[in-house]
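Read the figures in this text as sums done on the coordinates, not as results from a lab. Quick caveat, the model's predicted, so the values are computed rather than measured. Neighbour counts are summed over all protein chains in view; Cβ atoms, including those assigned to glycine, are modelled from backbone coordinates with ideal geometry.
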Amino acid sequence: MSLFLGVDIGTSSSKGVLVDGDGRVLRSATREHAVSRPYPGHVEMDGEIWWAEFVSLAEELTAGRRIVAVGVSGMGPCVLLTDAAGTPLRPAILYGVDTRATAQIETLTRRLGGAEAILARCGSVLSSQAVGPKLAWLAEHEPETFGAARRLFMPASWLAYKLTGAYALDFHSASQCTPLFDTHTLQWYSEWAGPIAPALELPPLAWPGDPAGTTREPIAGIPAGTPVITGTIDAWTEAVSVDAQRPGDLMLMYGTTMFLIATVERPFAEVVTSPAMWGTVGAYPGTRNLAGGMATSGALTAWLRELTGADYPQLLAEAEASGPGARGLLMLPYFAGERTPLMDPDARGIVAGLTLSHTRGDLYRAALEATALGVRHNVEALRAAGAPIRRVVAVGGGTRGGLWTRIVSDVTGLPQVVPAVTIGAAYGAAYLAARTAAPVSIADWNPVAETVEPDPANRAGYDELYGLYRDLYPATRTIAHTLAARQRPRA
């Protein structure tokens, strides 16, 4: 039997799956972890944790089994800097949830000729999601560390490097290294990359499913000589896992953050852009995406769980009982700033309408509805930019239980198909690994299990709530920004 290992390094946990050649999940395991938040807006993680958890997962999953190929995936875009020998110099700076580089975003935008010039070259404007401003922050605030840095890794490329010794990055991840990458030529753009990262040896590029190399020695039950794919960022691996990389597809990833990936249908040479969204190279050759990401979703529900001391089944049952509209509550889910389409790291969470009669179930319902309202805002921005949305595929831990997906369909008016396997990026990584051994189809591996249809009875109420949601942010923005300034560490 051909067996494939897939491992994904996520924000709140690492997941691994052992899959056979027909796509059946034989074993799975999880290792929970926490990010570090040393200052408001700073979100980091020790890269050595990624490797330690990979080894732990592999040892558990491969015990007594022979692995044909290994798939890797991880959150991103992240900034893990190492010296020339591959030794990490500091904890990795995470993706758009880390908002430290706001000043560098403004400075680089001016220096490089303005947002329109960056958008035209790179497919995205500079935002908290971009790698370039975080490198500029390190150069300014940690010059000794930055001066010693020679290599740039993300979780997937770090695992591939540890396994094979190959220093490489995939084209998709590179396309999120704005403004270092030219989305037209699919090459590093030395004119901008050179001044921003003069000492870094930027990695050679490959497609996510391409082999990075083979294991140099037996590791955690994986034989020497086992192929390891290059891998990519988790949201794109999740889109692969649910067959949502065809033109007109929109993937909704219900994870620590809510992520949206729309696959555009224009010729590859024609880059579709929006200043409110991220234009990226796709996971497969010849594909392009418009993507969006909220700064919270599962992170917000986890915060409420910890705050209230209730478990998820209790909270879901109480949120179900609360009913549409959460008994008059409205929440802005910007508890970690907001990514798309606001691009506002200083946005803050708001709960409007609170009374002494509201319960934790009402608050939890309002949080689920807030993320659904944010999805609707992103969908409108995607459509305005020219992304067709004909099929919506839901994936991730938030699909379990059904309430959250029903709320999103009711708020957006969009049906969602839910595949049989929603374990996510680890499964997609295993699939990409399997493709190195034989032709396989993800549609055969992971067929649709159910379709969530919007309830017309809830549409009018949610339309009204959406209008209030869109009004609440501009009405409170000045106050939120003032409070955000007070939360920053003092120099």
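Count the net charge of all other residues whose Cβ sits under 12 Å from the Cβ of Phe171, scoring Lys and Arg as +1 and Asp and Glu as -1.
-2
Relative contact order of region 341-491: what whole-number percent is it, with Cα pairs under 8 angstrom and at least 6 residues apart?
So the answer I get is 28 percent.
Could you quote the convex hull projected area for region 3-235, Cα atoms only and averaged over all directions, in nm²?
If I average the Cα hull's projected area over directions, I get 12.0 nm².
Hey, can you grab everything whose amide H is under 5 Å from the amide H of Gly337? Only 5+ residues off in sequence or another chain; H modelled, so Pro and N-termini drop out.
Gly349
Just want to confirm a number: the relative contact order over the chain, from Cα pairs under 8 angstrom separated by 6+ residues, in percent.
17
Which net charge results for the neighbourhood of Pro211, defined as the other residues with beta-carbon distances under 15 angstrom from its beta-carbon, given Lys and Arg at +1 and Asp and Glu at -1?
Combined, the nearby Lys, Arg, Asp and Glu give 0.
Please list, in order along region 12-18, the HN-Hα scalar couplings obtained from phi with the Karplus expression 6.51 cos²θ - 1.76 cosθ + 1.60 (θ = phi - 60°), rounded to whole Hz, x for Gly and Pro.
3J(HN,Hα) across region 12-18, in whole Hz: 10, 6, 10, 10, x, 9, 10.
Counting Lys and Arg as +1 and Asp and Glu as -1, each charge on the Cβ, what is the dipole of region 3-235 about the Cα centre in debye, to the nearest 20?
So the dipole magnitude of region 3-235 works out to roughly 140 debye.
Can you work out the Karplus-derived ³J(HN,Hα) for every residue in region 167-174? Use 6.51 cos²θ - 1.76 cosθ + 1.60 with θ = phi - 60°, whole Hz, and x for glycine or proline.
Going residue by residue, I get 9, 7, 9, 7, 4, 5, 4, 4 Hz, with x marking Gly and Pro.
Given Cβ point charges of +1 (Lys, Arg) and -1 (Asp, Glu) and nothing else, what value in debye, to the nearest 20, does the dipole of the chain about its Cα centre take?
360
By its C-alpha gyration tensor, with a ≥ b ≥ c as the square roots of the eigenvalues, how is region 138-214 shaped: rounded for a/c under 1.5, else prolate for a/b larger than b/c, else oblate?
It comes out oblate by the Cα gyration axes.
So, counting K/R as plus one and D/E as minus one, what does the shell of residues with Cβ under 12 Å around Ala276 add up to?
-1
Can you list residues from other chains, or at least 5 along the same chain, whose modelled amide H is less than 5 Å from the amide H of Arg150?
Thr82, Asp83, Ala84
Compute the separation of the alpha-carbon centres of region 1-23 and region 146-162 and state it in Å as a whole number.
Answer, in whole Å: 22.
Give the range of the longest stretch in the chain that excludes all trypsin sites (Lys or Arg not before Pro) found in loop regions by DSSP and having at most 12 other beta-carbon atoms within 10 Å.
67-389
Once amide H atoms are placed 1.01 Å from N in the peptide plane, what residues at a sequence separation of 5 or more from Met258, or on another chain, have their amide H within under 5 Å of its amide H?
Hits under the 5 Å cutoff: Met294, Thr296, Ser297, Gly298.
Between region 351-414 and region 463-491, what is the C-alpha centre distance in whole Å?
Each part's Cα centre sits 19 Å from the other's.
Could you let me know the centre-to-centre spacing of region 209-287 and region 291-338, using Cα atoms, in angstrom?
Taking the Cα centre of each part, region 209-287 and region 291-338 sit 28 Å apart.
For the chain, what is the calculated [θ] at 222 nm in deg cm²/dmol (nearest 500), taking -39500 (n - 2.57) for each run of four or more DSSP H residues and dividing by its residue count?
So the helix-based figure for the chain works out to -11500 deg cm²/dmol.
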